[in-house]
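First the structure, in the form of structure tokens, and then the observations on it.
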Amino acid sequence: IFPIIILFSLTIHAQSQKGKSGQELLAVLDENTNLGQGLIKGGLTIIRRTGDKITWKINVFRRKEDSLWIFIREKGDVEAKILFKESGDKVYHFNALSSKLFLKNEEEKYETFFTSGFGYMDISGYSYQASYNPAIEQNKKKDEENLIRVTLKPIISYNFKKLIAFFKDNGTKTEKLDFFNKNDSLFKILYFREGVIRLGKNHKIAEVPFIS
């Protein structure tokens, strides 16, 4: 498992249904990875194998299919700004340290940033429904008996051979997403967890999922 923890607040709205198709399950995955609109604040922490940690504060500004990610180091200095146009159709990376702006080509969109293990497209808000063909499988592991397993084959493959998504609660929530490289080796996992936070002016408590 790649040594990374990445946490963002997300909202989820899904109704309990049985017998979802592969495309319907990908719609759930798209919904679970949707950060919503407006300003979202979060953090990125990279934990090295040595135990050393690197932390950024993150401000995400989303408007329809466009999003701007601002990465701020602990001392308050902006290190980078990443702009996604039309859910990753175009990706711009501004390096604040060198004052250079880079437009990523199709293959570079799948490169990792900050050696985190996650690529630009992982946070772009792009649609899994539009990018992968799903195939529902029967689970074999005992600890995954209650999970629905779906293999995602990329329509256009630049970096991944496949992804495997696991869904719980009759397919209404995503449990985790496994990434396999071109050698068919597992090299990173995206977990979906729920926690209690306070939202809104009245500070009402709500259950929301986050990614790690």
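Can you find a residue that is open to solvent by less than 20 Å² (accessible area, probe 1.4 Å), within 25 Å of Asn181 (Cβ to Cβ) and over 16 Å from the mean Cα position of the chain (by Cα) anywhere in the range 77-84? So far as the range 77-84 goes, yes, one or more of its residues are open to solvent by less than 20 Å² (accessible area, probe 1.4 Å), within 25 Å of Asn181 (Cβ to Cβ) and over 16 Å from the mean Cα position of the chain (by Cα). Against the conditions (1) of a type outside the set (A, V, I, L, M, F, W, C); (2) assigned to a loop (DSSP other than H, G, I, E, B); (3) surrounded by fewer than 18 Cβ atoms within 10 Å (Cβ to Cβ); (4) out of contact with any Phe, Trp or Tyr (no Cβ under 6 Å at 6 or more places or on another chain), Gly125 satisfies every one except (3).
Phe160 satisfies every condition listed in (1) under 16 Å from the mean Cα position of the chain (by Cα); (2) at pLDDT 85 or above except (2).
Taking Lys57, is it without any contact (Cβ under 8 Å) to a residue 24 or more places away in the chain, in a strand (DSSP E or B) and open to solvent by 70 Å² or more (accessible area, probe 1.4 Å)? Criteria met by Lys57. Just one of the listed residues (Asn133, Asn34) is modelled with pLDDT of 90 or more and closer than 27 Å to Phe167 by Cβ, and it is Asn133.
The values are calculated or read from the model by the stated rules, or taken from the named source; none is laboratory data. From a predicted model like this one, the values you see are computed outputs, not experimental measurements. Cβ coordinates were reconstructed from backbone atoms using ideal geometry, including for glycine residues, and neighbour counts include every protein chain displayed. For the accessible areas, the whole protein counts, side chains as well, though only heavy atoms, and no ligand, DNA or RNA atoms are used. Shrake-Rupley method; radii C 1.70, N 1.55, O 1.52, S 1.80 Å.
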